[in-house]
1. So, R0 is 60 Å and r is the distance between the beta-carbons of B:LEU351 and B:THR48; what FRET efficiency does that work out to, to 0.05?
2. Could you order peptides B:313-324, A:67-78 by the average number of other Cβ atoms within 10 Å of their residues, highest first?
3. Below 15 angstrom from the Cβ of B:GLN457, what's the summed charge of the other residues (Lys, Arg +1; Asp, Glu -1)?
4. Would you mind giving the average projected area, over all directions, of the Cα convex hull of the range B:5-140 in nm² with one decimal?
5. With a 1.4 Å probe and every protein chain kept in, tell me what percent of the accessible surface of chain B is carbon plus sulfur.
6. With labels modelled as points extended 7 Å from the Cα through the Cβ direction, what inter-label distance (nm, one decimal) is found for B:SER171 paired with A:VAL40?
7. Per residue, how big is the convex hull around the C-alpha atoms of the range B:142-201? Give it to me in cubic angstrom, could you?
8. Once the Cα atoms of helix B:181-194 and of chain B are each reduced to a long axis, what angle between those two axes, in degrees from 0 to 90 to the nearest 10, is obtained?
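The values are calculated or read from the model by the stated rules, or taken from the named source; none is laboratory data. Keep in mind that what you see is a predicted model, and the values were worked out from it rather than measured. Backbone-built Cβ (ideal geometry, glycine too); neighbour counts: all protein chains shown. Just so you know, the surface numbers come from the protein's heavy atoms only, side chains and all, with ligands and any DNA or RNA stripped out. Shrake-Rupley method; radii C 1.70, N 1.55, O 1.52, S 1.80 Å.
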Amino acid sequence: MEKESQHIFDNPRNIKRLLRVFFALCAVLLLLDLVHHRHVIHAWEHLWGFYGIFGFVACVALVLIAKELRKVLMRPEDYYDAD
Amino acid sequence: MLTSLPPFALFFAGALVVALLRGWPRYALLLLIPVAGGLALLGVSEGTTVHVAILGYELTPYRVDRLSLLFGYLFHIAAFLAIVFSLHLRDTLQHVSGLLYAGSAIGAVFAGDLITLFVFWELLAVSSVFLIWARRTPRATNAGFRYLVIQVLSGLILLAGVLIHVSQTGSITFDYIGLDGPAASLIFLAFGIKAAFPLLHNWLTDAYPEATPTGTVFLCAFTTKVAVYALARGFPGTEILIYIGALMTCFPIFYAVIENDLRRVLGYSMINQIGFMVCGIGIGTALSINGAVSHAFNDVIFKGLLFMSMGAVLHVTGRIKGTDLGGLYKTMPLTTGFCIVGACSISAFPLFSGFVSKSMVMLAALDEGYHWVWLALLFASAGVFHHAGIKIPFFAFFARDSGLRAQEPPVNMLVAMALAAVLCVFIGSYPGVLYSLLPFPVEYEPYTSTHVIAQLQLLFFSALAFTWLKLTGLYPPELRSVNIDVEWVYRWLGPRIMRAARSLGSPVDDRMRTGVLKRIDTVIGALFRYHGPRGILARTWATGSMVLWVALLLWIYLLFYFAE
C-alpha cells in the first residue's frame with residue numbers, strides 16, 4: 001500500500017503556527033480597545049475589553065455548565081430503544 | 001397569466017407531473033419549477049390578491065405584500081437549493097414530497113385568510129413527514145409518527161382557535177391578531193408549536209436528525225420559518241415573545257455542546273436562531289421586525305448550508321456522530337470549506353450573512369431598554385459560535401483522524417453547497433439587496449467600526465475559550481449517548497405509565513372479560529336453541545307461509561301509516 005500523503009495538520013508544527021497567529025490576533029483585537037472609541041448604548045460596553053472578556057467567560061461557563069448537565073441528562077445510546 | 005396564479009399551484013401541479021416522469025426530464029422539471037415560480041414572483045406587484053368564494057366564505061388564497069413577498073422569494077431560493085442538493089436521488093417519494101412540502105410553505109405565506117392558512121399548515125405536516133419516512137428505517141418511521149402527531153396537533157389547535165376567532169370577530173382575514181382572549185391564545189399556541197417554543201420544541205430535535213440526508217435540508221427551510229412568518233404577521237410587539245425568544249436562544253446551546261449527533265446539534269442550533277427571530281418579533285419596532293425577518297432569510301440559507309454539509313458527510317460515510325467522525329478535511333476539502341462558510345455565517349462574522357441581520361435584533365433590544373434580554377442574546381451569540389461555528393466543522397472535519405477516507409459527495413451536492421455559500425457571502429458583503437426587500441425602510445448600517453470590532457472580539461475570545469478548554473482537557477469529550485429532553489415525557493414516562501395502568505387494571509379487566517364472555521355464551525346458547533339445526537326459526541318454511549308472514553308485516557305497516 002502506498003504511503004498516504006501528509007496533510008496540513010498532520011504536522012504538529014503547523015498546528016502550533018496556526019495557534020500562534022490566532023493568539024496574536026486575539027491580543028491585537030483586545031488592544032484595539034485602547035485606541036478605538038466605541039459608540040455605545042449600554043454602560044457595560046464602555047468597560048475595557050468588555051466583548052472579549054464576555055465572550056471568553058460566556059463560553060467557558062457554557063461548556064462547564066453543559067458538562068455538569070451531563071450528570072443529569074445523559075443516558076445510554078439505546079435509552080429509548082431498550083425494552 | 002402566471003402572475004395571478006398562486007405560486008403554490010405550480011409546485012403542486014409540478015409534483016404530479018414529476019411523479020410520472022423518469023430520468024432527465026424529471027430532473028429538468030424539478031429544477032424548472034422553483035426557477036419559473038421565482039421569476040414569475042419577481043413580476044408580481046404588492047397588493048395583488050385573489051379571492052375565491054367557497055361555502056359562504058370569501059377565501060383569499062393569494063395575497064401579496066412586502067412581508068409575504070420576502071418569504072415567497074426565500075422559499076423559492078430554498079426549494080431550488082434543496083432540489084439541486086437532492087438531484088442525485090432516484091427516489092420518487094422524496095422528489096414528490098419535497099415539491100409538495102415547498103409548495104405548502106409557499107401557499108401558507110401567501111394565504112390571506114386563516115382558513116387557507118390552516119389548510120397549508122396541515123399540508124406542511126403531511127407532505128414533510130415522507131421526507132423522514134423515506135429514510136426507511138424503524139427509527140425514522142417511529143420518529144416520523146411522533147413528528148406527524150405533534151404537527152397535526154398544532155393544526156387542530158390552530159383550527160379550534162380560528163373557528164372561535166371567526167365566530168367572535170366575523171372575519172377570517174389573517175392580519176394582526178394580538179394576544180388576548182382564548183381564540184388568540186390557541187392560535188398563538190399553534191404557531192408556537194411549529195416555531196419550536198421552549199417545551200414545545202422537541203419534535204424538531206427528534207425528527208430532523210432522523211430524516212434522509214437530503215430531506216433534512218428541505219425540513220430545516222420551511223416549517224419553522226412559516227411559523228416565524230405567521231408570528232410576525234399575527235403577533236408583532238407581543239411582549240411575552242421577547243422572553244420566549246431569549247429563552248430559546250439560551251437553553252438549546254447547552255444541549256448542543258454535549259450532543260453527539262451532529263445533525264441534532266444543528267437542530268438545537270436552529271431553535272437558538274429562531275429565538276433571535278421570535279425575540280425581534282416580540283420587541284415589535286421597525287428595526288427589530290426587519291432584524292427578525294432578515295435573520296429568517298439568512299438562517300434558511302446558512303442553516304441549509306450547514307445541514308447540507310452534514311448531509312453530505314452522512315451520505316458518503318454513513319455516519320453523523322461526533323464520536324465516529326474526524327479528519328475528513330483530508331479527503332473532502334470542498335465540503336469542509338462550504339461547511340466553514342456556513343459556520344462563519346451563523347456565527348455572524350463580518351462579511352458573512354448572519355452579521356448583517358442578527359445585530360438588528362440585538363440593537364433593538366438595547367434601544368428599547370431590554371438590557372437583560374440583550375445580555376442573554378449576547379451570551380447566545382457567543383454560544384452559537386461555540387457549538388455551531390466551531391464544534392460542527394471541528395468534530396466532523398478535523399479533531400482526530402477517524403480513519404475515514406470518504407470522497408467528496410456527488411457533484412449536485414457540491415453545486416448546491418457552493419450556491420448557498422456564495423449567497424451567504426454575497427448577502428453579508430452587500431446587505432443592501434436584502435435590506436431593500438424588508439417590510440420597513442432600513443436605516444441600519446451594519447458595517448461600523450464599533451460593530452465590527454465588538455463582534456470580532458466576541459467571536460475570537462469565544463474561540464479562545466474553546467482552544468483553552470481543549471488544550472487543558474477541560475472540554476467534555478464526545479460520548480455515545482442520548483440527552484433526555486422534553487421527549488422523555490412521551491417516549492419514556494408515558495409508555496411506562498400506560499404499562500403500569502395496564503398491569504393495575506388487568507385483574508379488573510379479566511373479571512370484566514369473563515363476565516362479558518359468559519353473557520355472550522348465554523346469547524349464543526339462546527341463538528342456537530332457536531336458530532340451530534333443530535331450532536324453530538331454522539326450519540324450512542313453505543313459500544305460502546312466508547308470503548303470509550310478509551303480507552301480515554305489510555298490513556301492520558299500512559295500519560301504522562294510516563294511523564299517522
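1. The calculated FRET efficiency here is 0.95.
2. By packing density, highest mean first, the sequence is B:313-324, A:67-78.
3. Within the 15 Å Cβ shell, the charges total -1.
4. Dividing the Cα hull surface by four gives the mean projection, 8.8 nm².
5. Result for chain B: 71 percent of the exposed heavy-atom area is carbon or sulfur.
6. About 4.6 nm, to one decimal.
7. Cα convex hull per residue, to the nearest whole number: 82 Å³.
8. Helix B:181-194 sits roughly 70 degrees off the main axis of chain B.
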